[in-house]
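Novice: One structure coming up, written as structure tokens, with questions to follow.
The values are calculated or read from the model by the stated rules, or taken from the named source; none is laboratory data. Computed from a predicted structure; not experimentally measured. Using ideal geometry, Cβ is built from the backbone for each residue, glycine included, and neighbour counts are taken over all protein chains shown. Surface areas here come from the heavy atoms of the whole protein model, side chains and all, with no ligands, DNA or RNA. Shrake-Rupley method; radii C 1.70, N 1.55, O 1.52, S 1.80 Å.
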Amino acid sequence: MQPVRFDRLKKVLCVGAHSDDIEIGCGGTILKLLEEHPDVEITWVVFSAGGVRTKEATASARDFLRRAAKSQVIVKDFKTSFFPYQGEEIKAFFETLKAVQPDVIFTHYRDDRHQDHRVLSDLAWNTFRSHVILEYEIPKYDGDMGAPNVFVPITRAHCVRKAKLLMRHFGSQRDKHWFTSELFLATPRIRGMECASRTLFAEAFYSRKLQLL
Ligand SMILES: [Zn+2]
């Protein structure tokens, strides 16, 4: 397992169950990473999008990855909310992602209360045995925000850009009362406070194991 250094990353794999998960969970980190290291190759995989959400997911990913020299966006149409019951098909597809050979994987939090999120988190650990996995958080009704232990300081500009892109691209979600710019700024402000970020903001992740050198 290699230690994580942004300036040494070559390949990053982002995995999200639904069309806006990667953006909400680690969008600011990806914006920052590509601003500083545009040569990093990003593979961005959304497991469940259909109809209008496919277009939304693709357009949003394109904007978040605009600075990337090389990127790949994969949008699948596994049935939302039924991931635990489509395990075999999802696992079979997940196996194909081994070919990406990522240095770091961003995926869902192991104890996330959404069943689709948990399936992908478990499969990430199941599939990538000696990789660095960082689990992101998704605020939701269920109230499963915990105490993450890895922080990536980001600027207010990153947060504003992330919120703007989310609001611009995900029209199908705008009627949900939680889907607001305020939430997308408030969460990183709290995490920024927790890690004493000089820029005030941060995105936060869960790490199960990291190698120190
Ligand atoms: Zn989701």
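Novice: When the range 183-213 is examined, which residues are found to be among the small types (Gly, Ala, Ser) and outside any helix (DSSP H, G or I)?
Specialist: Residues satisfying the conditions are 196, 197, 202, 204, 207.
Novice: Further question: Restricting to the range 9-38, and then to whatever is away from the ligand (no atom under 16 Å from the Cβ), farther than 23 Å from residue 160 by Cβ and modelled with pLDDT of 95 or more, can you tell me which residue is nearest to the chain's Cα centre (by Cα)?
Specialist: Our first condition is that a residue be away from the ligand (no atom under 16 Å from the Cβ); within the range 9-38, this holds for 9-13, 28-38.
Within this subset, residues satisfying the condition of being farther than 23 Å from residue 160 by Cβ are 9-11, 13.
Next cut, modelled with pLDDT of 95 or more only: 11, 13.
Values: 11: 14, 13: 9 Å.
So the residue we want is 13.
Novice: Residues 107, 199: which one is in contact (Cβ under 8 Å) with a residue 40 or more places away in the chain, in contact with a Gly (Cβ under 9 Å, 6 or more places away or on another chain) and buried (at least 22 other Cβ atoms within 10 Å of the Cβ)?
Specialist: Numbers: 199 fails: buried (at least 22 other Cβ atoms within 10 Å of the Cβ).
The match here is 107.
Novice: So for the range 13-23 (the condition being touching a Cys at 6+ places or on another chain (Cβ under 8 Å) and open to solvent by less than 20 Å² (accessible area, probe 1.4 Å)), does at least one residue qualify?
Specialist: Scanning the range 13-23 turns up at least one residue that is touching a Cys at 6+ places or on another chain (Cβ under 8 Å) and open to solvent by less than 20 Å² (accessible area, probe 1.4 Å).
Novice: Also: Test residue 144 against the criterion of being farther than 13 Å from residue 14 by Cβ, open to solvent by 60 Å² or more (accessible area, probe 1.4 Å) and acidic (Asp, Glu), and give yes or no.
Specialist: Values: farther than 13 Å from residue 14 by Cβ: yes; open to solvent by 60 Å² or more (accessible area, probe 1.4 Å): no; acidic (Asp, Glu): yes.
No; evaluated as a whole, the condition is false for this residue.
Novice: Under 16 Å from residue 165 (Cα atoms), more than 16 Å from the ligand (Cβ to nearest atom) and open to solvent by 10 Å² or more (accessible area, probe 1.4 Å): does that describe residue 58?
Specialist: Values: under 16 Å from residue 165 (Cα atoms): yes; more than 16 Å from the ligand (Cβ to nearest atom): yes; open to solvent by 10 Å² or more (accessible area, probe 1.4 Å): yes.
Yes; evaluated as a whole, the condition is true for this residue.
Novice: Okay, next question. What about residue 49, is it within 13 Å of the ligand (Cβ to nearest atom) and buried (at least 24 other Cβ atoms within 10 Å of the Cβ)?
Specialist: Numbers: within 13 Å of the ligand (Cβ to nearest atom): yes; buried (at least 24 other Cβ atoms within 10 Å of the Cβ): no.
No.
Novice: Could you look through the range 61-78, keep only residues that are open to solvent by less than 60 Å² (accessible area, probe 1.4 Å) and assigned to a helix (DSSP H, G or I), and pick out the one that is farthest from residue 22 (Cα to Cα)?
Specialist: Result: 63.
Novice: Continuing with this model, one more query. Can you go through 101, 115 and tell me which one is in contact (Cβ under 8 Å) with a residue 12 or more places away in the chain and on the phi > 0 side of the Ramachandran plot? I'd like the intermediate steps shown before the answer.
Specialist: Details: 115 fails: on the phi > 0 side of the Ramachandran plot.
So the residue among 101, 115 that is in contact (Cβ under 8 Å) with a residue 12 or more places away in the chain and on the phi > 0 side of the Ramachandran plot is 101.
Novice: Every residue in the range 166-179 that is surrounded by fewer than 21 Cβ atoms within 10 Å (Cβ to Cβ) and within 16 Å of the chain's Cα centre (by Cα), please.
Specialist: Just the residues of the range 166-179 that are surrounded by fewer than 21 Cβ atoms within 10 Å (Cβ to Cβ), to begin with: 167-168, 171-179.
Once the filter is applied, which keeps residues that are surrounded by fewer than 21 Cβ atoms within 10 Å (Cβ to Cβ) and within 16 Å of the chain's Cα centre (by Cα), the range 166-179 yields nothing.
Novice: Determine whether residue 151 is touching a strand residue (DSSP E or B) at 6+ places or on another chain (Cβ under 8 Å), open to solvent by less than 90 Å² (accessible area, probe 1.4 Å) and touching a residue at least 12 places away in the same chain (Cβ under 8 Å).
Specialist: On the way: touching a strand residue (DSSP E or B) at 6+ places or on another chain (Cβ under 8 Å): yes; open to solvent by less than 90 Å² (accessible area, probe 1.4 Å): yes; touching a residue at least 12 places away in the same chain (Cβ under 8 Å): yes.
It is true that residue 151 is touching a strand residue (DSSP E or B) at 6+ places or on another chain (Cβ under 8 Å), open to solvent by less than 90 Å² (accessible area, probe 1.4 Å) and touching a residue at least 12 places away in the same chain (Cβ under 8 Å).
Novice: Of the numbered conditions (1) of a type in the set (A, V, I, L, M, F, W, C); (2) under 17 Å from residue 18 (Cα atoms); (3) surrounded by fewer than 18 Cβ atoms within 10 Å (Cβ to Cβ), residue 92 satisfies every one except a single condition; which is it?
Specialist: Single failed check for residue 92: (2).
Novice: Would you please name the residue that is farthest from residue 190 (Cα to Cα), looking only at residues in the range 123-141 that are surrounded by fewer than 18 Cβ atoms within 10 Å (Cβ to Cβ) and within 16 Å of the ligand (Cβ to nearest atom)?
Specialist: Here the answer is 141.
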